[in-house]
Amino acid sequence: MGGAYHGWSDQLAYGIRVPGSKWTQAGGVPRNCFKYTQEFFPNDLNDLERKLRRNQLRGGTAAVMIEPVGPESGTRPLYYDFNKGVEALCRKYGALLIFDEVVTAFRIGMSGAQGYYGVSPDLTVFGKAVAGGYPSAGGLGGKKEYMKHLSAGIAGGGKHKKALVGGTMAANPLSCLAGYYTLCEIERTNAIPKAGQFGDKLTAGLQELIAKYQLPFVAFNQGSICHLETVGTMHFAINWRKPWRIPAILKATSERKKEMEHMGAAYMAEGIVTLAGSRLYTSAAYEDEMLPDILARFENVFQNVAVKA
Ligand SMILES: Cc1ncc(COP(=O)(O)O)c(C=O)c1O
């Protein structure tokens, strides 16, 4: 799904951050790498179906991969039934459904975004929380019928050939154990709603500040994923049927990205660590009494923002 970041493996460095951007955000990656990669527009099931139907004539679609809360941690939120719609199309056209739950697993709920949306993807990619802050944070899970095709070593050839999986950092026992105990603790301490409730309060506080200083900003959250949009960098899209517009869009997004990072630096100077100046992820470690101090720091930044008329 266009606009998402699924990591920097070559074939997935496509349509990153700006839906429709294709390879333009992946300097240096040879175009051939994208021979089997396509993107569809977030919230647009018709676009997805058009592509699946067209691919039928060329051997089909191997898999559809999506970030279930929307690209870039839900920067472009999806309507609630969208994931179910994607699942139905995958079943209809015989494509695997892969959920990228690197951000959402054990954050939206213990059963991830798939539990929340009531969808059963064939494969799920995990990261971040899955290793409790330890390195080698990554995981893949899924239905037995597909997982059985993965292999960590030398496998038989021919029909029984397996997908290559490996890596020095893979199957790190320390990270596996840290991850296991983290998940136990998240469940035991009911950390997910606690982090989500703090996300709600933080977002409400930011919205009040935005109104107070009459800034053209938008704050919203999906539980513990909080968005603070100041320049809308990732709300552009590229339409290749109007190619003459593309250079201006790429120019605008890169200029706005710089502004987003300036905001991030200003927050950082106040002791607030954001993701690239536009996203804040709360955890169960936050307590209500911390909120006034956090908001006062944001206020220090907001009161210095000059808005062009
Ligand atoms: C949704 C999503 N998928 C994949 C990744 C890549 O994870 P990693 O850097 O662990 O490869 C990220 C990282 O931010 C992400 O947000």
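What follows draws every value from the coordinates through simple rules; no lab data is involved. Here the structure is a predicted model, which is why all the values come from computation and not from measurement. Backbone-built Cβ (ideal geometry, glycine too); neighbour counts: all protein chains shown.
Quick rundown of the values:
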| read-out | value |
| --- | --- |
| Å³ per residue enclosed by the Cα convex hull of the range 52-114 | 88 |
| Whichever lysines have a C-alpha closer than 22 Å to that of residue 201, once near sequence neighbours (fewer than 8 apart) are set aside | 212 |
| Karplus-derived 3J(HN,Hα), 6.51/-1.76/1.60, for each residue of the range 200-215, Hz, glycine and proline x | 4, 5, 4, 5, 4, x, 5, 4, 5, 5, 4, 5, 4, 9, 6, 8 |
| Packing-based ranking, highest mean first, of 291-301, 208-218, 91-101 given that Cβ atoms within 10 Å are counted | 91-101, 291-301, 208-218 |
| Calculated over the range 49-165: convex hull of Cα atoms, volume per residue (Å³) | 125 |
| Sum of -39500 (n - 2.57) over DSSP H runs of 4+, divided by residues of the chain (222 nm, nearest 500) | -11500 deg cm²/dmol |
| Karplus-derived HN-Hα couplings along the range 79-86 (A = 6.51, B = -1.76, C = 1.60, θ = phi - 60°), whole Hz, x at Gly and Pro | 6, 4, 7, 4, 4, 5, x, 5 |
| Relative contact order of the range 164-260, pairs being alpha-carbon contacts under 8 Å that are 6 or more residues apart, as % | 18 |
| Proximal lysines relative to residue 251, as straight alpha-carbon distance under 30 Å, when same-chain residues fewer than 8 apart are discounted | 22, 35, 51, 242, 308 |
| Residue with peak Gaussian network fluctuation, the chain [Cα springs, cutoff 10 Å], from 168, 189, 230 | 168 |
| Residue among 184, 226, 176 with the largest mean-square fluctuation in a Gaussian network model of the chain, springs linking Cα atoms under 10 Å | 184 |
| The chain: C-alpha gyration tensor shape, a/c 1.5 cut-off, then a/b vs b/c | oblate |
| Highest-MSF residue in the chain out of 246, 16, 108 [GNM, Cα springs under 10 Å] | 246 |
| Counting DSSP beta bridges with both ends in the range 61-136, the antiparallel % (nearest 5) | 0 |
| Taking the chain and dividing mean pair separation by its residue count, relative contact order in percent (alpha carbons under 8 Å, at least six apart) | 12 |
| 0 to 90° range, to nearest 10: angle between helix 173-188 axis and the chain longest Cα axis | 60 |
